[in-house]
Amino acid sequence: MEETKKRMLSGIQPSGDLHLGNYLGAIKNWADRADEFECYYFMADMHTITVRQTPADLRKRSINQLAQYIACGLDPEKNVLFLQSHVPQHAQLSWVLSCYTMFGELSRMTQFKDKSAKHKDNINAGLFTYPVLMAADILLYQPDYVPVGEDQKQHVELTRNIAQRFNSIYGDVFKIPEPYISKMGARIYGLTTPGEKMSKSIPEGCVFLMDDPDTIARKFKRAVTDSDSVNPVRYDRENKPGVANLMNIYATLTGKSFEEIEKEFEGKGYGVFKPAVGEAVIETLRPIREEADRLIKDKAYLDDIYRQGAERASYIANKTLRKVYKKVGFYQI
Ligand code: TYM
């Protein structure tokens, strides 16, 4: 039976603490699928150094993020959890694929444009070739699906193009993966900037998984809405983006539809609605925070998971890499 399961793979950069966007856009969807799919999830630490990091912080976040993955429901028995830099095949395949990726394609990537605008003093080659490493991350494992938030769709599409180009020259080496984007949490916006995706770079509008309840309540109280006092809680993405974002968060957490939410808060103002959304978030994150806090203390356990994860991941990754090396003409001994 094992052999027939479809495969899923995804990753998150340990570039900051995990936040509600990562959780609702990615991890929550992964955790629900462990029985249905064969799952590989990793911390993309090699991607993280495209932007300058403090080494001690990166090291700490790389292990804390594993604790948080597990606390979010990713059972290490059912999912292969690993750190990207522990599996050297990522860098190895990335080099080969970079020779099958065009300069023009990489120049069109919106994340590159955004990040190079933000980090003008450090527009390094890694930032530019970042999507090639991401293609290698994915293609090494021959996954059927790559569950990501909306913002990563362009990178997965580029991965498909690279794989198709390679396959058209060498035959069926890579499986062509599908992006897997959930309808609900695909794009969570910042609480203070409802026009921009929630991200750690605007911490006051970003809810971190490890935030304590008071901090979360305060962030929701300050969430940007609008001055509509007649019919406040109404889903209108265009004209009421802040409210739509809060409704989306609430709907994703409670399973309620937008109509049900509109009914629930009929005749009530934002003074009732915003704390209610905050409360739903607090209650969802409470057990995650507590479990992560507990796990972080058991470093030997976490190291062991990383060790086993790297072993299992390398086994699969190596099979693909060998095939690729052979196809492109590298002499085998
Ligand atoms: P990263 O680390 O920025 O984000 C990790 C995941 O969280 C999703 N996400 C969001 N979803 C909804 N709303 C938001 N505000 C939000 N912010 C982040 C992202 O879409 C992503 O799914 N390049 C990737 C990491 C990566 C990767 C891979 C992913 C490296 N290699 C291979 C998949 C497969 C990134 O920077 O995601």
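The values are calculated or read from the model by the stated rules, or taken from the named source; none is laboratory data. Just so we're clear, the structure is a prediction, and the values are computed from it rather than from any experiment. All Cβ positions, glycine included, derive from the backbone under ideal geometry; neighbour counts span all protein chains shown. These accessible areas exclude ligands, DNA and RNA; they are computed on the full protein's heavy atoms, side chains included. Shrake-Rupley method; radii C 1.70, N 1.55, O 1.52, S 1.80 Å.
For the reader, a short list of remarks on this structure follows.
One line per residue, one yes/no per condition, for (1) out of contact with any helix residue (DSSP H, G or I) (no Cβ under 7 Å at 6 or more places or on another chain); (2) modelled with pLDDT of 95 or more:
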| site | (1), (2) |
| --- | --- |
| 66 | no, yes |
| 71 | no, yes |
| 85 | no, yes |
| 88 | yes, yes |
| 98 | no, yes |
| 117 | yes, no |
| 130 | no, yes |
| 135 | no, yes |
| 141 | no, yes |
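- Segment 125-154, residues that are more than 9 Å from the ligand (Cβ to nearest atom) and assigned to a loop (DSSP other than H, G, I, E, B): 140, 141, 142, 144
- Top-ranked residue of segment 100-124 - restricted to ones that are surrounded by 17 or more Cβ atoms within 10 Å (Cβ to Cβ) and not hydrophobic (A, V, I, L, M, F, W, C), ranked as farthest from the ligand (Cβ to nearest atom): 101
- A single member of 289, 237, 312 is open to solvent by 70 Å² or more (accessible area, probe 1.4 Å) and part of a helix (DSSP H, G or I), and it is 312.
- Residues being in a loop (DSSP other than H, G, I, E, B), open to solvent by 10 Å² or more (accessible area, probe 1.4 Å), within 25 Å of residue 91 (Cβ to Cβ) and in contact with a strand residue (DSSP E or B) (Cβ under 9 Å, 6 or more places away or on another chain) - total across segment 155-196: 1
- Every condition in (1) of a type in the set (A, V, I, L, M); (2) modelled with pLDDT of 95 or more; (3) surrounded by fewer than 19 Cβ atoms within 10 Å (Cβ to Cβ) holds for residue 230 except the one numbered (2).
- Extreme residue, farthest from residue 281 (Cα to Cα), among residues of segment 186-226 that are within 13 Å of the ligand (Cβ to nearest atom) and aliphatic (A, V, I, L, M): 202
- Residues (within 16 Å of residue 108 (Cα to Cα) and among the small types (Gly, Ala, Ser)) located in segment 118-148: 125, 126, 135
- Verdict on residue 77 being assigned to a loop (DSSP other than H, G, I, E, B) and open to solvent by 60 Å² or more (accessible area, probe 1.4 Å): yes
- Looking only at segment 15-25, residues that are surrounded by fewer than 24 Cβ atoms within 10 Å (Cβ to Cβ) and within 9 Å of the ligand (Cβ to nearest atom) come to 4 in all.
- Residue match in segment 48-57 (condition: within 13 Å of the ligand (Cβ to nearest atom), open to solvent by less than 50 Å² (accessible area, probe 1.4 Å) and more than 25 Å from residue 120 (Cβ to Cβ)): no
- Taking the criterion of being of a type in the set (Ser, Thr, Tyr) and touching a residue at least 40 places away in the same chain (Cβ under 8 Å), the residues of segment 31-86 that qualify are 40, 41, 50, 62, 69, 85.
- Against the list (1) open to solvent by 40 Å² or more (accessible area, probe 1.4 Å); (2) assigned by TED's automatic domain parsing to the domain that holds residue 280; (3) at pLDDT 95 or above, the condition residue 220 fails is (1).
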